[in-house]
Amino acid sequence: MTQIFDNPAEFADEALDGFVAANRGYVARVDGGVVRSTEIPAGQVALVVGGGSGHYPAFAGLVGPGLAAGSACGNMFASPAAGQVYRVAKAANAGGGVLLSYGNYAGDVLHFGQAQLRLNAEGIETRTVTVTDDIASAPIDQPEKRRGIAGDLTVFKIAGAAAEAGLDLDDVERLAIKANYRTRSLGVAFDGCTLPGANDPLFHVPAGQMSLGLGIHGEPGISEHPMPTASELAELLVSKLLADKPEDAGERVVAIVNGLGTVKYDELFLLYGKIEKLLTAAGLSVVEPECGELVTSLDMSGLSLTLLWLDDELEQLWAAPADTPAFRKGSMSPRAARADVGATQAGVAQAGAVTEQPTVAAAELGRLAVAVLAEVRDVVVEHEDELGKLDAIAGDGDHGIGMRRGVDAAAAAGKAASGSSVQRILEAAGEAWSEKAGGTSGALWGSAVIAAGQSLANRETYASADAAAAVKAFVRAITELGKADPGDKTMVDALLPFRDAFLAELDGGTPLDRALAAAAAAAQSAAAATAELRPLKGRARPLAEKSLGHPDPGAVSFGLIAARISQFIDSELASVAVAGQLPETAGNGA
Ligand code: ADP
Ligand code: MG
């Protein structure tokens, strides 16, 4: 039971504030998480980790020299928003580029992915290595579907040591990938954990039973067993992990026994002793093991075993010193305090407000963007219930409310940025959309709106080629982040026909407003046609059969939005804005 709090809604934030207050020599609070409070040598790669709160010392407890440069900290068990990741990464960046690393969960993948696109677009080279160590979460031939659990520590440690050694981003990324490939974990739970303010645990394990492979947020395990003895448990964990070892594993391993919350250290040590004997008996040498709480799940009763299969390069990096609030190894020379943390963050916080000089054309297009966002909000509000009902058929029913939250925030943020360039306005709108909407569609729409804004930039003039480029950037953001293929039954099935029709019409010399109308019509009929498809991505996948005969909610909302924008542009086109700013189109007789 989580008992100590004033307001459960503030739990994650207040716990983080207190953590920083207790560890000022290591970390400083920034908007979205924490960064090192000590100097990071110029040009060093910044390892930025993160995830939901409730897993201490993952993730903020692993920030310090030799390990992470910063951590983005989401709400309890919830991914940080893309904007949080972005702001933490900007504050952590020391000029050597950023490696994002986190456990492989859908929400984290979308939000960190969106942050990565944005950092790269701004010239901060950013890569990603997701941690996929949990062998219970998918078979050995589908490593990309595996979740990240206590193996976060080995991947972060290797990457952090590589960064500390001064290796460049290519090498740090390569080593993190190798560490992840050679890390395997398996967990067991004896009972569930309780979120602050909740009366009941997220899940229960029946009394006297043990669940094998249960995830750190209660994701279903692979089997239930009568409570074993310590020797039986050691045997079970070791045999399962040895059966899943990587090719060219070698004979030297790091072993980590990790407590998930309420298992006592004495119990962990007792188990570790038995595990080490079994590993030795299997012909392995155990190198610099760890036994303690390294990735937890609130008050979950459970533990996990992790093996990192070493090679020479990994062994050196594993043994290298590190100095963080929760993980210390060897000795490191003291670091000077970093003077600029506050300043960096202030700069980041104000990034949206920094004075820019919008060109006349970019400001004009910005005004149009604010008006379009208001239209988008109106059409979503009109269809909110219908979109929710459609999502409830095979999804979780939140597409209406999620889109509503996103567009409300986006329209307000766009309006607040009035007078700026179209780029600034769409960046502000997209960021607000992503932070407020939640859900898959929020991350995708937010990212797409930002990408379109960055594509339109702050130019002296705009022509229809710029509209084509913006549509391409919008679509690319969604396909790169969501990785859905045509036919997966997602918004992509309406998006691609929209893009293709729009580009083909413009290519053929059709004026912008007519091209948009044709594209919107293509999107709407493609959205309707998704009724024939079975969902292969997203939350609706497990209920594929129920979804047959009903169109995909995300495709439908995209079609509705495209149609409304087209109507609006039609009515506006005769008047000043677009005709003046899109000379090519105007010249074509718009
Ligand atoms: P969630 O699925 O997180 O509850 P929403 O209900 O708001 O989010 O959005 C659901 C819609 O998101 C789906 O109807 C689909 O169109 C879209 N979607 C889901 N996954 C993907 C993906 N990987 N790529 C593109 N679109 C996706
Ligand atoms: Mg949904």
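Summary table
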item: Residues of segment 401-413 classified as surrounded by fewer than 22 Cβ atoms within 10 Å (Cβ to Cβ) and within 12 Å of ligand 1 (Cβ to nearest atom), total; result: 3
item: Cβ pairs under 6 Å, 6+ apart, first in segment 136-156 and within 30 Å of PRO321 (Cα to Cα), second of a type in the set (Lys, Arg); result: none
item: Residue among GLY95, GLY66, GLY107 that alone is out of contact with any strand residue (DSSP E or B) (no Cβ under 6 Å at 6 or more places or on another chain) and in a loop (DSSP other than H, G, I, E, B); result: GLY95
item: When residues of segment 90-115 are limited to those that are of a type in the set (A, V, I, L, M, F, W, C) and closer than 18 Å to GLY430 by Cα, the one surrounded by the fewest Cβ atoms within 10 Å (Cβ to Cβ); result: VAL109
item: Members of segment 481-531 found to be farther than 25 Å from ALA394 by Cα and in a loop (DSSP other than H, G, I, E, B), listed by number; result: GLY508, GLY509, THR510, PRO511
item: Residues of segment 138-159 satisfying the condition of being over 17 Å from ASP312 (Cα atoms), buried (at least 24 other Cβ atoms within 10 Å of the Cβ) and of a type outside the set (D, E, K, R); result: GLY148, ILE149, ALA150, GLY151, LEU153, PHE156
item: Any hit, segment 535-545, residues being within 16 Å of ligand 1 (Cβ to nearest atom), in contact with a Gly (Cβ under 6 Å, 6 or more places away or on another chain) and part of a helix (DSSP H, G or I); result: no
item: Leading residue by the ranking (farthest from ligand 2 (Cβ to nearest atom)) among those in segment 385-400 that are among the hydrophobic types (A, V, I, L, M, F, W, C) and surrounded by fewer than 23 Cβ atoms within 10 Å (Cβ to Cβ); result: ILE393
item: Check on HIS383, under 17 Å from ALA562 (Cβ atoms), within 20 Å of the chain's Cα centre (by Cα) and touching a residue at least 60 places away in the same chain (Cβ under 8 Å); result: no
item: Residues satisfying the stated conditions in segment 414-434, i.e. surrounded by 23 or more Cβ atoms within 10 Å (Cβ to Cβ), away from ligand 2 (no atom under 16 Å from the Cβ) and part of a helix (DSSP H, G or I); result: GLY414, VAL422, GLN423, ARG424, ILE425, LEU426, GLU427, ALA428, ALA429, GLY430, GLU431, ALA432
item: Subset of segment 459-491 (residues that are in contact (Cβ under 8 Å) with a residue 24 or more places away in the chain and of a type in the set (Val, Ile, Thr)); result: THR461, VAL471, VAL475, ILE478, THR490
item: Candidate set from segment 549-559 (those that are hydrophobic (A, V, I, L, M, F, W, C) and under 17 Å from VAL471 (Cβ atoms)); member that is farthest from ligand 1 (Cβ to nearest atom); result: PHE558
item: Condition broken by PRO201, with the remaining ones in (1) crowded, with 16+ Cβ neighbours inside 10 Å; (2) more than 21 Å from ALA138 (Cα to Cα); (3) at pLDDT 95 or above satisfied; result: (3)
item: Pick from segment 549-560, criterion surrounded by 24 or more Cβ atoms within 10 Å (Cβ to Cβ) and more than 10 Å from LEU390 (Cα to Cα), ranking: farthest from ligand 2 (Cβ to nearest atom); result: GLY559
item: Only one of LEU298, LEU314 that is within 24 Å of LEU212 (Cα to Cα), hydrophobic (A, V, I, L, M, F, W, C) and assigned by TED's automatic domain parsing to the domain that holds LYS157; result: LEU298
item: Search result, residues across segment 438-480 that are within 16 Å of ligand 2 (Cβ to nearest atom) and outside any helix (DSSP H, G or I); result: GLY438
item: Hits in segment 1-53 (condition: in the same structural domain as PHE156 (by TED's automatic domain parsing), among the β-branched types (Val, Ile, Thr), more than 14 Å from PRO65 (Cβ to Cβ) and in contact (Cβ under 8 Å) with a residue 60 or more places away in the chain); result: VAL30, VAL49
item: Residue within segment 229-251 that is surrounded by fewer than 19 Cβ atoms within 10 Å (Cβ to Cβ), at pLDDT below 95 and within 17 Å of ILE135 (Cβ to Cβ) present; result: yes
item: Members of segment 110-157 found to be in a loop (DSSP other than H, G, I, E, B) and of a type in the set (Val, Ile, Thr), listed by number; result: ILE124, THR132, ILE135, ILE140, ILE149
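Matching residues to (1) among the β-branched types (Val, Ile, Thr); (2) within 13 Å of ligand 1 (Cβ to nearest atom); (3) more than 24 Å from HIS550 (Cα to Cα):
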site: GLU435; (1), (2), (3): no, no, yes
site: ILE450; (1), (2), (3): yes, no, yes
site: THR461; (1), (2), (3): yes, no, yes
site: SER464; (1), (2), (3): no, no, yes
site: THR479; (1), (2), (3): yes, yes, no
site: LYS483; (1), (2), (3): no, yes, no
site: LYS489; (1), (2), (3): no, yes, no
site: ALA494; (1), (2), (3): no, yes, no
site: LEU503; (1), (2), (3): no, no, yes
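The values are calculated or read from the model by the stated rules, or taken from the named source; none is laboratory data. Since this is a predicted model, take the numbers as computed values, not measurements. When we count neighbours, we look across all protein chains shown, and the Cβ atoms used for this are built from the backbone with ideal geometry, even at glycine.
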